[in-house]
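Heads up: the structure comes next, in structure tokens.
The values are calculated or read from the model by the stated rules, or taken from the named source; none is laboratory data. Since this is a predicted model, take the numbers as computed values, not measurements. Note that we place each Cβ from the backbone using ideal geometry, even for glycine, and neighbour counts take in every protein chain shown. The area values use the complete protein model at the heavy-atom level, side chains included, leaving out ligands, DNA and RNA. Shrake-Rupley method; radii C 1.70, N 1.55, O 1.52, S 1.80 Å.
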Amino acid sequence: MAWAEKRGPWYRVRYRDADGVVRTSPDKYRTKTQALQEAGDLESDHRRGSFIDPHAARTGLAEWAQQWRTTHTVAASTQARYDHYLDTHIIPEFGQVSVDQIRRSAVKQWATGLRARYSPATVRGIVTLMSLLGGGGGGTHGRRQPDPGPANG
């Protein structure tokens, strides 16, 4: 469960992580309505299984992918394809970048380069996996990230 809490002139969102520890979203909100909207989004993400802890988002993608591989259960053939996409395409390109710093514009530019070498289905699979991992910001991210300004695409 997530909730909004007033802290000085701002509101923040608090939630319990998988271990039951109370965490605070790193973002601040001007109104209670905005904070409650974010709290609702966190709860929806939990129900859909697409929640990415904002604190974990600051982890490098390679480290996050390793954690994700151990908890994401799929058929053996799908896992082999995911491993190939991760080891051959995603980690070499974004492995050292923290998940919360991967921008949609960077993923789109990278995907454009992939399209020159691979079939549309392959590129779609790679980009979809990137999205499952939480990379790509605004809209392709399993957990929406705030738009910090012009650096976002």
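Please name all residue pairs, on different chains or six or more residues apart, with Cβ atoms under 8 Å, provided the first residue is in the range 77-96 and is in contact (Cβ under 8 Å) with a residue 40 or more places away in the chain and farther than 14 Å from Tyr118 by Cβ and the second residue is part of a loop (DSSP other than H, G, I, E, B) and among the aliphatic types (A, V, I, L, M).
Close Cβ pairs satisfying both conditions: Tyr82/Val74; Phe94/Ile102.
Can you pull out the residues in the range 76-124 that are open to solvent by less than 60 Å² (accessible area, probe 1.4 Å) and outside any helix (DSSP H, G or I)?
Gly95, Val97, Ser98, Ile102, Arg103, Ser119
This table checks each residue for (1) open to solvent by less than 70 Å² (accessible area, probe 1.4 Å); (2) more than 26 Å from Met130 (Cα to Cα); (3) modelled with pLDDT of 80 or more; (4) part of a loop (DSSP other than H, G, I, E, B).
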{"residue": "Ala4", "(1), (2), (3), (4)": "yes, yes, yes, no"}
{"residue": "Tyr11", "(1), (2), (3), (4)": "yes, yes, yes, no"}
{"residue": "Gly20", "(1), (2), (3), (4)": "yes, yes, no, yes"}
{"residue": "Arg23", "(1), (2), (3), (4)": "no, no, yes, no"}
{"residue": "Ala39", "(1), (2), (3), (4)": "yes, no, yes, no"}
{"residue": "Leu42", "(1), (2), (3), (4)": "yes, no, no, no"}
{"residue": "Ser50", "(1), (2), (3), (4)": "yes, no, no, yes"}
{"residue": "Ala57", "(1), (2), (3), (4)": "yes, no, no, no"}
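Out of all the residues in the range 25-37, which are open to solvent by less than 30 Å² (accessible area, probe 1.4 Å) and part of a loop (DSSP other than H, G, I, E, B)?
Of everything in the range 25-37, just one residue is open to solvent by less than 30 Å² (accessible area, probe 1.4 Å) and part of a loop (DSSP other than H, G, I, E, B), namely Ser25.
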